[in-house]
Amino acid sequence: MANKCYAAPMEGLTTYIWRRAHHEIFGGADKYFTPFLSPNATCRFQTKELDELRHNEGLYVVPQILTNCAEHFIWAARELQDMGYREVNFNLGCPSGTVTAKRKGAGMLAYPEVLNACLEQIFSALPEMQISVKTRIGKLSPEEWPGLLAIYNQYPISELIVHPRVQKEFYTGTAHREVFFWTAEHTTLPLVYNGDLQTVSDMTQFTACDTVMLGRGLMARPGLIRQMRGGAPATRGELTALHDVLLEEYGRRLSGDKPVLHRMRELWNYLSGSFSGTEEYLKRIRKAQSVGVYRAAAEELLRDCPLIEE
Ligand SMILES: Cc1cc2nc3c(=O)[nH]c(=O)nc-3n(C[C@H](O)[C@H](O)[C@H](O)COP(=O)(O)O)c2cc1C
């Protein structure tokens, strides 16, 4: 089993509000990563990006940058350094069509020479910064990976976080773990494994790496990292507390019911994994048109549905 455990960035889910609540209620992850920031030619972070950067006291948070432009990356990293961050993460894994069409995220993996030139510029401009990379293993086929790894191996990447799927697989099928095992034998970079670790038993069986990153599994079972450290699974009271903080804080910070309902429905896509017999409750949650109706349905789910303790 791994020793260190990171919380993966998840756009719309692992907000600063979630990170703080998770840390407080469940004891936290060794590192949290912000959902991606998208620096551009305006050389300004958006307000919602600044919120992600300004509310992280007491947590180890790594800002993640999504861009295909070395200048924009360097600008953002320097701004972040001025804000006190010592590590930034480069997103080379996002599979979304709108992102990859611009040759960003996993889209950049189809252009190894562009990737190499971009890394070259970034690493020479930022010698004092820790730069980690979160990557998929190719755009269309795992056969692209040895070439990509050869590029990464040329740079002092502080951690290489590998999600062993290719872009076109999105989140379907199973991760190519054998490719990760191969990677461990072909690099001296510090490696982090990410992909399909959902339960404590998944984590116990996974011994190939000292550090793992958890995404959907941690959203579904927020107590997972504590369990990995020998602690108890999440209790009903803790899950309710997490839910209530998110509902209250999103209600306070977003304007109108719609965006709050959107966030909470997205949360339930994962958090329902902590309970059984949720179907009818989730239907009501998805149908709710106001926060009041939503709250009643969510309260009933949290009170009535049996917990899955694994
Ligand atoms: C809804 C959603 C949002 C995500 N947002 C990001 C993101 O902002 N940055 C990123 O690097 N990965 C993002 N990911 C990918 C996750 O960080 C992670 O790599 C992926 O879910 C695989 O890990 P898992 O099997 O533990 O979930 C996202 C995934 C999902 C499902």
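The values are calculated or read from the model by the stated rules, or taken from the named source; none is laboratory data. Predicted, not measured: the structure shown is a model, and the values here were computed from it. With ideal geometry, Cβ positions are generated from the backbone for all residues, glycine too; neighbour counts draw on all protein chains shown. Just the protein is used for accessible areas: all its heavy atoms, side chains included, with ligands, DNA and RNA removed. Shrake-Rupley method; radii C 1.70, N 1.55, O 1.52, S 1.80 Å.
Couple of notes before you dig in:
- Any chance Lys4 is within 18 Å of the chain's Cα centre (by Cα), over 19 Å from Val245 (Cα atoms) and of a type in the set (D, E, K, R): yes
- Scanning region 176-203 for residues that are in contact with a Lys or Arg (Cβ under 8 Å, 6 or more places away or on another chain), more than 10 Å from the ligand (Cβ to nearest atom) and either open to solvent by 50 Å² or more (accessible area, probe 1.4 Å) or under 21 Å from Glu310 (Cα atoms) (or both) gives a single hit, Thr199.
- Scanning region 260-310 for residues that are more than 17 Å from Gly217 (Cβ to Cβ) and within 16 Å of the ligand (Cβ to nearest atom) turns up His262, Arg263, Met264, Arg265.
- Summed over region 207-221, residues that are farther than 22 Å from Phe170 by Cβ and open to solvent by less than 20 Å² (accessible area, probe 1.4 Å) total 2.
- Residue match in region 170-178 (condition: among the polar types (S, T, N, Q), farther than 25 Å from Tyr32 by Cβ and modelled with pLDDT of 95 or more): yes
- Every pair of residues 6+ apart whose Cβ atoms lie under 8 Å, when the first sits in region 155-169 and is assigned to a helix (DSSP H, G or I) while the second is β-branched (Val, Ile, Thr): Gln167/Thr100
- Meets criteria (over 24 Å from Leu214 (Cα atoms), in contact (Cβ under 8 Å) with a residue 12 or more places away in the chain and either part of a loop (DSSP other than H, G, I, E, B) or out of contact with any Gly (no Cβ under 9 Å at 6 or more places or on another chain) (or both)) for Leu149: no
- Qualifying positions in region 29-75 - more than 16 Å from the ligand (Cβ to nearest atom), under 25 Å from Pro112 (Cβ atoms) and either part of a helix (DSSP H, G or I) or open to solvent by less than 40 Å² (accessible area, probe 1.4 Å) (or both): Cys69, Ala70, Glu71, His72, Ile74, Trp75
- Conditions (1) assigned to a helix (DSSP H, G or I); (2) in contact (Cβ under 8 Å) with a residue 24 or more places away in the chain; number of the one not met by Asp244: (2)
- Residue within region 264-281 that is open to solvent by less than 10 Å² (accessible area, probe 1.4 Å), in contact with a strand residue (DSSP E or B) (Cβ under 9 Å, 6 or more places away or on another chain) and among the small types (Gly, Ala, Ser) present: yes
- Output for region 119-175, where each listed residue is among the aliphatic types (A, V, I, L, M) and open to solvent by 20 Å² or more (accessible area, probe 1.4 Å): Ala125, Leu140, Ala150
- Restricting attention to region 82-117, the residues that are away from the ligand (no atom under 12 Å from the Cβ), in a helix (DSSP H, G or I) and open to solvent by less than 10 Å² (accessible area, probe 1.4 Å) total 4.
- Scanning region 1-25 for residues that are more than 10 Å from the ligand (Cβ to nearest atom), in contact with a helix residue (DSSP H, G or I) (Cβ under 6 Å, 6 or more places away or on another chain) and either part of a loop (DSSP other than H, G, I, E, B) or modelled with pLDDT under 95 (or both) yields a total of 1.
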